[in-house]
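The values are calculated or read from the model by the stated rules, or taken from the named source; none is laboratory data. All of these numbers come straight from a predicted model, not from anything done at the bench. Cβ sites come from the backbone with ideal geometry, for glycine too, and all protein chains shown count toward neighbours. Protein only, heavy atoms only, side chains kept; ligands, DNA and RNA dropped before computing areas. Shrake-Rupley method; radii C 1.70, N 1.55, O 1.52, S 1.80 Å.
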Amino acid sequence: MKSDEATTVRARPEPIRAVPVRHPGRWVAVAVLAVLTAMFVHLLTTNDAFNWSFMVDKMFRPPIIEGLLRGTVLMTVSAMLIGITLGVVVAVMRLSDNPILRGVAWLYTWFFRAVPRLVLLAVFGNIGILWSRIEFGVPFDTQLGQLFGIDNLELRLFGFSSRDVLTGFMAGLLGLALSEAAYMAEIVRAGIQSVDPGQTEAAQALGMGRGQLLRRVVLPQAMRVIIPPTGNETIAMLKDTSLLLYVPVSVELFFQLDAVGKRTFQIFPMYVAACLWYLFLTSILLVGQYFLERHFGRGHGSAGRARLRLRGMNAETGGTPGKVEP
Amino acid sequence: MSELVVPAQADAPAAGSDVMVRAEQVHKSFGPLEVLKGIDLEVRAGEVCCLLGPSGSGKSTFLRCINHLEKIDAGRIRVDGELIGYRERGGKLYELREREVAAQRRAIGMVFQRFNLFPHMTVLQNVVEAPVLLGQEKKAAARERAATLLDRVGLGDKLGAYPAQLSGGQQQRVAIARALAMRPKLMLFDEPTSALDPELVGEVLDVMKDLARDGMTMIVVTHEIGFAREVGDSLVFMDGGVVVEAGDPREVIANPRHERTRSFLAKVL
Ligand SMILES: Nc1ncnc2c1ncn2[C@@H]1O[C@H](COP(=O)(O)OP(=O)(O)OP(=O)(O)O)[C@@H](O)[C@H]1O
Ligand SMILES: [Mg+2]
């Protein structure tokens, strides 16, 4: 009775068989691109200055691989770790109630964002010109001593030769990490500010202190906003390690490729090698970023992840049958 | 049990432990805007005090002053005899340190209009978090008690759920359990049901009634006249930053003495 009616109502109408709109423009574009591609390939293969075999022969040599591992990969990881840690500290200072801390944080981000990285690295690399030794102690000690009639008063706690410590890797790391911290501070600050103030209030009302509520309540929620731009920062950092050439840091990918090029008068092939190496490395990071963002983009308690966790939890506590979805 | 409200004697010295909250001449301004203009209020231990008033009259602000989420400009607030936010010595007031303020807040539970559950934690974690983090309880014991509390608010089967997976009424009941986990002496409710769909209001009010029956001292900002009449031991009507009228809820609701109270009640009843 009723099922007859249902079938007539539900009967599928005939599928649409219309003539699709033509796109002649697309075919023209394909033709033009094909010609351009052919020209490019011609360029790459017929010009001897590319010297492909030379490039392939040199770009995997041990000094270059060592430069890649230490000057590029290790430097990126270390500079980002220090940059993120310091960036969180600066961001928290920037949001504090203490006007002095706020001011210092503002000054820090202003300085390190205003000076170009390249210039910063050149400065850090040459700081040894200014002071041969870096010492920590009472400021203006000699001058103060003279006030009280003591000559050559020196109140120094400890010190080190800047040429020993602040050269190469350390100078480069300092330059990159300090500058990164300024950018990360802005990112972390935006992340913290994106969290509903009601969260802070609820945590305060429960009796949590500032540090506790930041660590347990605010920062975990700020992560959703912080993670994606941090991925971009990491990729930018990887590329910026090539600026270490100006410190200079010799155990570094671009420095090594550049050196080989200059030594052999085959500059161009080595620059092409640099392009290929950086393309390879950033592509790896891009893949990582894709998965990271997919993970964090799911957001708070959104069904998928929450259900997974729920399942884990039920398994852990023995589970309540019927509550767990298949 | 609830007929002991004697407004005429509100100024008499408190009989020590009997008084849970005592506010004297509380003033609070936001810039040029004076929101509280001298609030006096007394809530005895075990009492439920309902706070009524039109929007913008300063009810939330006053509630937030009680646990020092807002700093008051003048007056005194004492909870269980302890001055909130300050230490008085030799006639001088000293601001408390952050950790001391936090310690005072642990004894005062608060429930918000918009629940403010921690969205990245499960229901159970929401309740367990503060007692464990603040070293009040060992993890295992806290979990057990949290499960009991959640069972009591009717959510014993939602321990592993995330707040986003719950209805508003369920979220608010979790928020109540979360506050109770700190074993507060006093509970503050700021319009706990006004963000809820009408059919969910009852389940939250039931939990609150239960709590009142167990002798919890509560200050409740609400527009639920029925709740005030049934559960309230005292009713305070605020408008424009002052207490306009206070007394027994049934009395005030039945014959308001002030014109402003009358017109407000006419609107919400
Ligand atoms: N942080 C603040 N800064 C400035 N003004 C504020 C702040 N908090 C509250 N106010 C103002 O104080 C007044 C009282 O606000 P409050 O939230 O206490 O009112 P309420 O009685 O709770 O009203 P409602 O019923 O709408 O919740 C309002 O005019 C409000 O705009
Ligand atoms: Mg309010």
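Things to note:
- With a Förster radius of 22 Å applied to the beta-carbon distance between A:Val123 and A:Ser161, the computed FRET efficiency rounds to 0.75.
- As a length-normalised measure over Cα pairs under 8 Å and 6 or more apart, the relative contact order of chain B settles at 26 percent.
- Accessible surface, segment A:7-47, averaged per residue in Å² (probe 1.4 Å): 103
- With all protein chains kept in place, the per residue accessible area of chain B amounts to 45 square angstrom at a probe of 1.4 angstrom.
- Between segment A:111-127 and segment A:39-82, the C-alpha centres lie 25 angstrom from each other.
- Accessible surface, segment A:104-206, averaged per residue in Å² (probe 1.4 Å): 56
- R0 of 35 Å, Cβ-Cβ distance A:Asn152-A:Leu95: FRET efficiency to nearest 0.05: 0.20
- Chains A and B together bury roughly 2500 Å² of accessible surface, counting both sides and using a 1.4 Å probe on protein heavy atoms.
- Comparing the full protein assembly with the isolated chain (1.4 Å probe, heavy atoms, ligands and nucleic acids excluded), the residues of segment B:60-92 losing at least 40 square angstrom of accessible area are B:Leu69.
- Length released on extending from B:Phe30 to B:Ser263, taking residue separation times 0.36 nm less the Cα-Cα span: 81.1 nm
- List of segment B:134-164 residues, accessible area with partners at least 20 Å² below that of the chain alone (1.4 Å probe): B:Leu134, B:Arg143, B:Asp157, B:Gly160, B:Tyr162, B:Ala164
- Fraction of antiparallel bridges per DSSP, chain B only, in percent to nearest 5: 60
- Semi-axis lengths, largest first, of the ellipsoid equivalent to the protein assembly as shown are 61, 40, 21 Å, with √(5λ) applied to each eigenvalue of the Cα gyration tensor.
- Averaging 1/r over each pair of different alpha-carbon atoms in segment A:62-103 and inverting the result gives 12.1 Å, the Kirkwood hydrodynamic radius.
- For chain B, the ratio of Cα radius of gyration to the globular rule of thumb 2.2 N^0.38 Å stands at 1.00.
- Distance between segment B:195-269 and segment B:125-180 - C-alpha centres, whole angstrom: 27
- Protein-protein interface of segment A:206-241, residues with accessible area decrease of at least 50 Å², isolated chain reference, 1.4 Å probe: A:Leu206, A:Gly207, A:Met208, A:Arg216
- Relative pair counts by distance (%), Cα atoms of chain A, 10 Å bins: 5, 15, 19, 19, 17, 13, 7, 3, 1, 1, 0, 0
- Remark: segment A:21-166 projects, on average over all directions, an area of 19.7 nm² (convex hull of Cα atoms).
- Cα-based reach from B:Lys139 at 17 Å (exclusive), listing aspartates and glutamates while leaving out same-chain residues under 8 positions away: A:Glu316, B:Glu129
- Dipole of chain B, positive direction: furthest Cα of B:Val252, B:Ser263, B:Ala181, with charges on the beta-carbon: B:Ala181
- Under 16 Å of direct C-alpha separation, and excluding same-chain neighbours fewer than eight residues apart, A:Lys58 reaches these lysines: A:Lys262.
- Share of carbon and sulfur in the accessible area of segment A:1-150 stands at 71%, probe radius 1.4 Å.
- Taking only the C-alpha atoms of segment B:196-248, the Rg (one decimal) and the largest Cα-Cα distance, Dmax (whole number), read 12.3, 34 Å.
- Of B:Lys28/B:Lys267; B:Lys37/B:Lys71; B:Lys28/B:Lys185; B:Lys138/B:Lys209; B:Lys71/B:Lys92, pairs whose Cα-Cα distance is over 19 Å: B:Lys28/B:Lys267; B:Lys28/B:Lys185; B:Lys138/B:Lys209
- Length-normalised contact order for segment B:163-269 - Cα pairs under 8 Å, 6+ apart - percent: 20
- Sites A:Asn232 and B:Arg250, calculated FRET efficiency, Cβ-Cβ separation with R0 41 Å, nearest 0.05: 0.05
- MRE, 222 nm, helices only [DSSP H, n ≥ 4, -39500 (n - 2.57), over the protein assembly as shown, to nearest 500]: -16500 deg cm²/dmol
- Label-to-label distance, nm, for residues given as B:Ala74 and A:Thr282 (7 Å Cα→Cβ offset): 6.4
- With the convex hull drawn over the C-alpha atoms of segment B:30-88, the volume per residue is 95 Å³.
- Dividing the radius of gyration of the alpha carbons in segment B:70-199 by their Kirkwood radius gives 1.04 for Rg/Rh.
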